[in-house]
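Enquirer: One structure is given below, represented as structure tokens, and several questions about it will come after.
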Protein chains: 2
Amino acid sequence: MTGPKTGPLGLRAPKGKRQYAVGVARSQQILETARELFGLHGYRGASMRDIATKVGLSLPGLLHYFPSKEALLEAVLQERDDVDVPWFEETWLEIGSFRQAVRELVRRNMSAPGVLRLFVTLSAEATDPSHPAHTYFQERYRDSREIFARTLALAQERGEISAHAQGTVLIAVMDGLQIQWLLDSDFDMLGELDRYLETITVPTRKGKRSR
Amino acid sequence: MTGPKTGPLGLRAPKGKRQYAVGVARSQQILETARELFGLHGYRGASMRDIATKVGLSLPGLLHYFPSKEALLEAVLQERDDVDVPWFEETWLEIGSFRQAVRELVRRNMSAPGVLRLFVTLSAEATDPSHPAHTYFQERYRDSREIFARTLALAQERGEISAHAQGTVLIAVMDGLQIQWLLDSDFDMLGELDRYLETITVPTRKGKRSR
């Protein structure tokens, strides 16, 4: 929920102070609309003109905030990452269980299937080196691997998670189960995730493990 | 490497016997070209006209073999599945190790990154219920879950795999690691996969496990 930033794709920061407050509110509105339309029609299917119309701006007006569709996309993606990482850490501290916090993160993702679909589709499209979000996703996954490695190391120190747990694999399990769930809402994503988490969780107190 | 079939999207089977042999060879050539162009430009980016030109057919000529782009897509996807399942079973029997056979399957996928990218992108796009391949991928994942469940049950009977291994999660791990590898060819997909497989493998003879 932070304001706009300058990213590798060249998102323009608003100028001046009063303009800044107005700019932040308007940027936020644009981001929400972009997230909605990208989620509904895909990145390639939603046009800057549609987004401008929906927020009551002209196309040049929209371009004042986000100089290109790529910059807008990057801001939409970045915003979610900016929110999700601290949210996960806070939830983990609050609940006191890594396993439950991961479940809550996935449950939270499930409440916005449009955004989830946007991420799944974009990360797949972006495997094409000529896609505008290629570098973004490449760096995002590198960052995610670092973050997950640090998080798992911490969970291991706290005696919650087994030494054999792999951050790369936890990311893959979450990504892969999401595809199965988005294709088939009857698929029990949370149940399957939880059974996997059980295999990497160190049993505590009344904890019962299946092996 | 079987001939064309009638699928839910209405792939037309060639008529007559002599025509059949010619048709099969030509169908095969069309499938190879479609796989190549879908892999290069994506399903939406490659046109039926491009595919027709590349195989030396007119557009109506191509439509004689595959009545629509959806039918051609379905045939490309189906062909891979028709080949992969028996290939995996034979490889497993030959090597005598489930873990090694899964590694070999992934190694084989890595030799054709264009096809892999096609699958990753299409399965993501197809999470949209209005996508022409939505039902195909929905059914494909349901089938895959059944096949993996049966395969893991067999591997458990043979004493190769622990009882806690989940077919849904193995599919997810393979899908998810593929995205990370397609985005970043330095990512050690095989190494990460193998470390995961180790955690679900029952140690035999000199087998050493990390937990």
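Enquirer: Counting just the residues of the range A:148-198 that are of a type in the set (A, V, I, L, M) and surrounded by fewer than 17 Cβ atoms within 10 Å (Cβ to Cβ), which one comes out nearest to the other protein chains (Cβ to nearest Cβ)?
Expert: A:163
Enquirer: Also: Hey, can you tell me all the residues within the range B:104-143 that are aliphatic (A, V, I, L, M) and more than 18 Å from residue A:43 (Cα to Cα)?
Expert: Scanning the range B:104-143 gives B:105, B:106, B:110, B:112, B:115, B:116, B:133.
Enquirer: So for the range B:140-150 (the condition being of a type outside the set (S, T, N, Q) and within 26 Å of residue B:57 (Cβ to Cβ)), does at least one residue qualify?
Expert: No, there is no match, as no residue in the range B:140-150 is of a type outside the set (S, T, N, Q) and within 26 Å of residue B:57 (Cβ to Cβ).
Enquirer: Another one. Can you tell me how many residues in the range A:55-79 are buried (at least 17 other Cβ atoms within 10 Å of the Cβ) and part of a helix (DSSP H, G or I)?
Expert: Counting residues in the range A:55-79 that are buried (at least 17 other Cβ atoms within 10 Å of the Cβ) and part of a helix (DSSP H, G or I) gives 14.
Enquirer: Can I ask one more? Just the residues that are at pLDDT 95 or above and either closer than 19 Å to residue B:87 by Cβ or not hydrophobic (A, V, I, L, M, F, W, C) (or both), please, taken from the range B:163-183.
Expert: Scanning the range B:163-183 gives B:166, B:167, B:168, B:170, B:171, B:174, B:175, B:176, B:178, B:180.
Enquirer: Those residues that are hydroxyl-bearing (Ser, Thr, Tyr) and in contact with a helix residue (DSSP H, G or I) (Cβ under 6 Å, 6 or more places away or on another chain), I need them from the range B:109-135; list them, please. Even if it seems obvious, please write down each step before you answer.
Expert: Residues of the range B:109-135 that are hydroxyl-bearing (Ser, Thr, Tyr), as a first pass: B:111, B:121, B:123, B:127, B:130, B:135.
Hits for the range B:109-135 are B:121, B:123, B:127.
Enquirer: Next up: When you go through (1) touching a helix residue (DSSP H, G or I) at 6+ places or on another chain (Cβ under 8 Å); (2) without any contact (Cβ under 8 Å) to a residue 60 or more places away in the chain one by one for residue A:142, which number turns out not to apply?
Expert: Unmet for residue A:142, out of (1) touching a helix residue (DSSP H, G or I) at 6+ places or on another chain (Cβ under 8 Å); (2) without any contact (Cβ under 8 Å) to a residue 60 or more places away in the chain: (1).
Enquirer: Looking at residue A:133, is it within 14 Å of chain B (Cβ to nearest Cβ), surrounded by fewer than 16 Cβ atoms within 10 Å (Cβ to Cβ) and not basic (Lys, Arg)? Lay out the reasoning, then the answer.
Expert: Values: within 14 Å of chain B (Cβ to nearest Cβ): yes; surrounded by fewer than 16 Cβ atoms within 10 Å (Cβ to Cβ): no; not basic (Lys, Arg): yes.
No; evaluated as a whole, the condition is false for this residue.
Enquirer: Which of the residues spanning the range B:93-109 are surrounded by 13 or more Cβ atoms within 10 Å (Cβ to Cβ), free of Cβ contacts under 8 Å to residues at least 24 places away in the same chain and more than 16 Å from the chain's Cα centre (by Cα)?
Expert: The answer is B:95, B:100.
Enquirer: Just name the residue that is nearest to residue B:81 (Cα to Cα) out of those in the range B:34-49 that are more than 14 Å from chain A (Cβ to nearest Cβ) and at pLDDT below 95.
Expert: Checking each candidate, the answer is B:35.
The values are calculated or read from the model by the stated rules, or taken from the named source; none is laboratory data. Just so it is clear, the structure is predicted and the values come from calculations on it, not from any experiment. Note: ideal-geometry Cβ built from the backbone for every residue, glycine included; neighbour counts use all protein chains shown.
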